[in-house]
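Data first, discussion second: the structure below is written as C-alpha cells.
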Amino acid sequence: MKKEKREYFPAVLVSLAFVILILLSSCKKDNPVIPPVEPPPIVKDTLTISVEGTTHRSIELSIQSTINDSSLKIKLFRVFNSAETLIAEYPILATDTAIIDDDNGNGLQLNTEYSYYAVTKDTTGETKDTSNQITARTLAATSHNYTWQEYTIGNWQSTLYDVWGTDENNVWAVGTIIINDTAYGALKWNGIEWKAVKKNGGSQAIYGFSNTDIWLAGGGIFQFNGNTWAELTERYPVFNDNIPYTSLWGTSSNDMYFGSTRGKIIHWDGTKAEIIYDTGGYYITDIYGTGPDNIWVCGGRTSGNWDNLLLHYDGYTWIEDNSLPIPILQAGSILSFNPRENYIVGNRILQGYTDHWTQIPGGLSYGAGCVRGDNSNNIFASGAFGFIIHFNGIDWHIYTELSTPSGGVLHGIFPIGNKVFAVGYNEDHSAAKIIIGTKN
C-alpha cells in the first residue's frame, strides 16, 4: 500500500505544476507598442489668382486666399510690355474676391494679352506671400458681314416677341402665331424649317438651360421637360396673381426670376414662388444677368414723361440705379457681361461702363426693343421698322437693307454660333416675321 501511494503522489504534483504554469502564462500581458507621435503637417497659407471671364475691354479675375489676417493687404498687379501696374489694393476680409480690370473705365486694348499676379503686404510694407502669375487675352473685333434670310409665318395679327436656343439648329421663337385658325405660342427651328410646337398663344419671353429644360412666360408660366409643357400658374397663387409676364431669366430651374407688368419681380426656387421686389408700379420690360450676384432689371412708367427703372441685384440687396440719362432713354432691354459692363436699349442705345452711361456715337433715331449678345464683341439690338444693329467690339453697324419704313417691328433677337435670329411681325402685321443672319 505504501508503495502505491509513493508512485501516485509524484504524478499529482506534476499535473498541478503544469496547470499552474498554464494559468500563469495565460494571465501574462505583453506591454502595448505605442507608435511615436508625429507632429501635424504644417499647412501653408495660399494665394492664388484665376481668370473668370474676358470681354473686348476687360478681364475679370478671382483672387483666392486662405490667409486669415485682416492686418494684411492684397495688392494685384497687371503686367504689360514689361511694365507693372497696381490695379487693386484691399485688406484681406474674404477668401475669394472678384476684381474686374478695365483700366479704370478706360478699357483695355482689344485682342491683347495681359499678365497678373498678387502679393500680400504687412503693415510695414514687407511682402509675405506671392501668388501664381496668370495670362489672359481680351476679345478681338468680329465681322459685321452677314447674309440674311426672311421668313413669314401665320395669319393676320401673328406676332413673335422673343427667341432663344441651345445651338444654331435648335432655336425657339415665342408669341402668338395664328395658323389655320389655331393659336400657337411657340415655334421651333430645326436647322431647315420652322414648326409650330405649342398650342395656345400669349407667350412673351423664353429662356432655358437645355433642350429638356425650357421656360416660357406671358399669360402664364410654363416649363418644358423635353416632352410636355407643365403650367405652374394655376398651382402657385403668386404666379397667378401677377399675370401677365414680360420677361424671365435664371441661373437654373431652381433659381428663376420673372418680371411682370404689375411691377413685381417673382423668384422661383424650385418649390415655391414669392415676390422678392415690388417696383411700386413700374412696368418691367427685361431681366438679364450673369450669375446670382449680378442681375439687372429695367423698365419704366408713364407719369407725364417716361420714368426709367433700372435695378441691380448684387446677391444681397436690390439697388436702384438713377444714373440713366433722362429723358433720352426709354429702358426696354438690358444686357450684362459683368457688373461694370452693360448695355441698355430703348429710343437710344447706351453703354454702361463702371459707374456711368454713355450714348453710342451717332445715336439712334428709333426705338430698340431687345439687346442680346453671346460676347461683348458680338452684340445685336433690334426694334422698330425692322432694324438690326450690331456691335463688333469697335463700332456699331446698322443693316439698312433690313429696315422697312412702312412698318414692322423686330421684338426679340438672339445670336448663337455663326447665326443671329430676330423675330417680330411684318410691315402690315399680316404675319409674324423671322430673320436669320449667317456670318460670312
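What follows is calculated from the coordinates using simple rules that are stated; it is not laboratory data. Since the model is a prediction, treat every value here as computed from it, not as a measurement. Cβ placement follows ideal geometry from the backbone for every residue including glycine, while neighbour counts extend to all protein chains displayed.
Any idea how far apart VAL119 and ILE276 come out in nm if each label point goes 7 Å out from Cα toward Cβ?
Modelled inter-label distance: 4.1 nm.
If you average the sequence gap of Cα pairs under 8 Å that are 6 or more apart and divide by the length of region 47-137, what percent do you get for the contact order?
On the way: 208 pairs, mean separation 31.3, N = 91.
Reported relative contact order: 34 percent.
Relative contact order for the chain: what percent, with Cα pairs under 8 Å and sequence separation of 6 or more? Mind showing how you got there, number by number?
Details: 1131 pairs, mean separation 48.9, N = 440.
Value for the chain: 11 percent.
May I ask for the angle, rounded to the nearest 10°, between helix 2-27 and the longest principal axis of the chain, with both axes built from Cα atoms and the value confined to 0 to 90°?
For helix 2-27, the angle is close to 30 degrees.
Using 7 Å Cα-to-Cβ label points, what is the ASN227/THR317 separation (nm, one decimal)?
Here the answer is 4.8 nm between the modelled labels.
Under the rule of -39500 (n - 2.57) per DSSP H run of 4 or more residues, summed and divided by the residues of the chain, what mean residue ellipticity at 222 nm is obtained, to the nearest 500 deg cm²/dmol? Don't skip to the answer; put the middle values down first.
Details: 2 runs with 31 residues, N = 440.
Mean residue ellipticity, 222 nm, calculated: -2500 deg cm²/dmol.
Determine, for each peptide in 282-289, 309-316, the mean count of other beta carbons within 10 angstrom over its residues, then list the peptides with the highest first. Could the numbers behind the result be given before it?
Values: 282-289: 22.1, 309-316: 16.4.
Result, highest mean first: 282-289, 309-316.
For region 250-300 and region 75-134, what is the separation of their C-alpha centers, rounded to whole Å?
34 Å
Scan region 75-139 for GluC sites (Glu not before Pro) in coil per DSSP, keeping those whose Cβ has at most 11 other Cβ atoms within 10 Å, and list them by number.
GLU126
Could you tell me which of ASN377, SER158, ILE295 has its Cα farthest along the dipole of the chain towards the positive end, charges placed at Cβ (Lys, Arg +1; Asp, Glu -1), taken about the Cα centre?
Toward the positive end, the furthest listed residue is ILE295.
Tally Lys and Arg at +1 and Asp and Glu at -1 over the other residues with C-beta under 9 Å from the C-beta of ARG57: what net charge comes out? If you can, show how the numbers build up before the last one.
Working: positive: none; negative: ASP102, ASP103, GLU341.
Net charge in that neighbourhood comes out at -3.
Placing +1 at every Lys and Arg Cβ and -1 at every Asp and Glu Cβ, with all other atoms neutral, what dipole size does the chain have around its Cα centre, in debye to the nearest 20? Write out the running numbers ahead of the final one.
Working: 29 positive and 45 negative charges, 349 e Å.
The dipole of the chain has a size of about 1680 debye.
List the trypsin sites (Lys or Arg not before Pro) within region 217-311 that DSSP assigns to loop and that have no more than 11 neighbouring Cβ atoms inside 10 Å. All intermediate terms of the calculation are to be shown ahead of the outcome.
Numbers: sites: ARG235, ARG262, LYS264, LYS272, ARG301; in loops: ARG235, ARG262, LYS272.
Sparse-neighbourhood loop trypsin sites (Lys or Arg not before Pro): ARG235, LYS272.
Against the globular-protein guess of 2.2 N^0.38 Å, express the Cα radius of gyration of the chain as a ratio, rounded to two decimals. Intermediate values should be presented prior to the final figure.
Numbers: Rg = 33.8 Å, N = 440, 2.2 N^0.38 = 22.2 Å.
Compared with the compact-globule rule of thumb, the chain sits at 1.52.
Are there any chymotrypsin sites (Phe, Trp or Tyr not before Pro) in region 116-200 that are in a DSSP loop and have at most 12 other Cβ atoms within 10 Å? List them by number.
Values: sites: TYR116, TYR117, TYR146, TRP148, TYR151, TRP156, TYR161, TRP164, TRP172, TYR184, TRP189, TRP194; in loops: TRP156.
Qualifying residues, ordered by number: TRP156.
Using a 10 Å cut-off around each Cβ, can you sort LEU216, LEU248 from fewest to most neighbouring Cβ atoms?
Numbers: LEU216 28, LEU248 24.
Lowest to highest Cβ neighbour count: LEU248, LEU216.
So which of LYS75/LYS264; LYS195/LYS419; LYS195/LYS264; LYS199/LYS439 end up more than 30 Å apart, counting from Cα to Cα?
Values: LYS75/LYS264 42 Å; LYS195/LYS419 19 Å; LYS195/LYS264 33 Å; LYS199/LYS439 33 Å.
Distance filter (> 30 Å) returns LYS75/LYS264; LYS195/LYS264; LYS199/LYS439.
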